[in-house]
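Visitor: Provided herewith is a single structure, encoded as C-alpha cells, for subsequent inquiry.
Every number in this text was worked out from the coordinates using simple rules, so none of it is lab data. These numbers come from a predicted model, not from an experiment.
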Amino acid sequence: MEGLTRLQLQQELECFERQRFQLLAQASGQYALIKGDDVAGAFDSENEAVGAGYRRYGNEPFLVKHIVEADLPLMFATFNLGV
C-alpha cells in the first residue's frame, strides 16, 4: 500500500461517514474495518482490525477507522532534515 493517498480510500471514508452514527450506537470506541462500501466488522483494537483486514483482503487497500464522535487531527514531527 505504498504511496496510498486519501483519494484512494475516499469510498471507504465516505462509507464510514454515512454509517458513523450507527457505528457509534453499536460499537463506540472500537475500530471499524471497511472495504469499499462494506463495513466488514468492528474490533476491540486497531491491531485486531488490521490483522483481519490482511487476512480478508490480502495486500489490497482497506480502511481501519476508530469509531468516535469526532476525529482528532494528528500532527507528527520529523527530525530528518530535508523531508
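Visitor: Once you sort the root eigenvalues of the Cα gyration tensor of the stretch 2-71 as a ≥ b ≥ c, which label holds: rounded (a/c under 1.5), prolate (a/b larger than b/c) or oblate (the other case)?
Guide: It comes out oblate by the Cα gyration axes.
Visitor: Continuing with the same structure: Can you tell me the length gained on complete extension of the stretch D71 to R55, counting 0.36 nm per residue apart and subtracting the Cα distance?
Guide: 3.1 nm
Visitor: Here's another thing I want to ask about it. Using amide H atoms built in the peptide plane, which far-off residues or other-chain residues are under 5 Å from A40 H to H?
Guide: HN-HN under 5 Å from A40: L33, I34, K35.
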